[in-house]
Structures are given as C-alpha cells and as structure tokens.
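Trainee: Would you mind keeping the following structure in view while I ask a few things?
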C-alpha cells in the first residue's frame, strides 16, 4: 500500500472541509485521521456530536481515492461506488 505524502494529507483535509462548507452547513468541522493508506473522515455537528462519514483509500495520487461509506448499523465501512459508477476518484 502506498504511503500518503504529507502534502496530500493537507490537501485532502482542505478539499474535504471546503466541500463540506458548500454542501453540509450543519457540520461545524470535518476531521481526517490517517492510518496507513486510509483516511477516516468524521464530521462534527454544532452540539459536538461526531459522525463517522467515510473511509478513503489512497490510490497513489492526490486525485485518486477509493471510497467506503460508514455503516452505523454495522459499525464498519462498506466499499462503495462513486455517483459516476467508478470505484475510485476525486475525494470531494
């Protein structure tokens, strides 16, 4: 698994926060935790409640990430397709 460069980690956090401001104003912040080639994305509501949102898998480029949605019913991540039908793409 390729390691995520520090510059890509910073870029990802910025892109996701920017997108969240546009699309999900109820989130006060979006946090990204990196483990190996994965990025775990968590949203925070105004009352402080944290919601796991998704897991991204680094694909070797800042613009290629696999996507898995968080399933609260199972407390896990389910690999998913993007709206385009692709299994990997831009993080935002």
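The values are calculated or read from the model by the stated rules, or taken from the named source; none is laboratory data. Remember, it's a predicted structure, so these values are computed and weren't measured experimentally. Positions of Cβ are generated from backbone atoms using ideal geometry, with glycine treated the same way; all protein chains shown enter the neighbour counts.
Trainee: Which is assigned to a loop (DSSP other than H, G, I, E, B) and at negative phi, of 29, 84, 10?
Mentor: Working: 29 fails: assigned to a loop (DSSP other than H, G, I, E, B); 10 fails: assigned to a loop (DSSP other than H, G, I, E, B).
None of the others qualify; the one that does is 84.
Trainee: While we're here: Quick check: is even one residue across segment 20-43 out of contact with any strand residue (DSSP E or B) (no Cβ under 6 Å at 6 or more places or on another chain), at pLDDT 95 or above and surrounded by 15 or more Cβ atoms within 10 Å (Cβ to Cβ)?
Mentor: Within segment 20-43, one or more residues are out of contact with any strand residue (DSSP E or B) (no Cβ under 6 Å at 6 or more places or on another chain), at pLDDT 95 or above and surrounded by 15 or more Cβ atoms within 10 Å (Cβ to Cβ).
Trainee: If I ask for residues that are touching a residue at least 24 places away in the same chain (Cβ under 8 Å) and touching a strand residue (DSSP E or B) at 6+ places or on another chain (Cβ under 6 Å), which ones from segment 81-92 would you list? Break it down into steps so the answer makes sense when it comes.
Mentor: Going through segment 81-92, the residues touching a residue at least 24 places away in the same chain (Cβ under 8 Å) turn out to be 88-92.
Answer for segment 81-92, where residues must be touching a residue at least 24 places away in the same chain (Cβ under 8 Å) and touching a strand residue (DSSP E or B) at 6+ places or on another chain (Cβ under 6 Å): 88, 91.
Trainee: Any idea which of (1) closer than 24 Å to residue 76 by Cβ; (2) exposed (fewer than 14 other Cβ atoms within 10 Å of the Cβ); (3) in contact with a helix residue (DSSP H, G or I) (Cβ under 9 Å, 6 or more places away or on another chain) is the one residue 61 doesn't satisfy?
Mentor: (1)
Trainee: Next question, about the same structure. Any residue at all in segment 52-60 that is modelled with pLDDT under 95, in a strand (DSSP E or B) and within 14 Å of the chain's Cα centre (by Cα)? Working first, answer last.
Mentor: Our first condition is that a residue be modelled with pLDDT under 95; within segment 52-60, this holds for 59-60.
Adding the requirement that they be in a strand (DSSP E or B) leaves 59-60.
Retained after the next criterion (residues that are within 14 Å of the chain's Cα centre (by Cα)): 59.
Yes, segment 52-60 contains at least one residue that is modelled with pLDDT under 95, in a strand (DSSP E or B) and within 14 Å of the chain's Cα centre (by Cα).
Trainee: Something else about it: How many residues are within 23 Å of residue 2 (Cβ to Cβ) and touching a strand residue (DSSP E or B) at 6+ places or on another chain (Cβ under 9 Å) when one looks only at segment 44-69?
Mentor: Within segment 44-69, the first condition is being within 23 Å of residue 2 (Cβ to Cβ), and the residues that meet it are 53-69.
Then keep just the ones that are touching a strand residue (DSSP E or B) at 6+ places or on another chain (Cβ under 9 Å); that gives 53-59, 63-69.
Selection size over segment 44-69: 14.
Trainee: Continuing with the same structure: Looking at residue 66, is it part of a strand (DSSP E or B), surrounded by 15 or more Cβ atoms within 10 Å (Cβ to Cβ) and more than 12 Å from the chain's Cα centre (by Cα)? Steps first, please.
Mentor: On the way: part of a strand (DSSP E or B): yes; surrounded by 15 or more Cβ atoms within 10 Å (Cβ to Cβ): yes; more than 12 Å from the chain's Cα centre (by Cα): no.
When the stated conditions are applied, residue 66 does not pass them.
Trainee: Same structure, new question: So, of the residues in segment 1-19 that are within 23 Å of residue 81 (Cα to Cα) and without any contact (Cβ under 8 Å) to a residue 24 or more places away in the chain, which turns out to be surrounded by the most Cβ atoms within 10 Å (Cβ to Cβ)? Write out each step before concluding.
Mentor: Just the residues of segment 1-19 that are within 23 Å of residue 81 (Cα to Cα), to begin with: 1-4, 8-9, 11-19.
Among the residues that remain, those that are also without any contact (Cβ under 8 Å) to a residue 24 or more places away in the chain are: 13-14, 17.
On the way: 13: 17, 14: 12, 17: 15.
The extreme case among them is 13.
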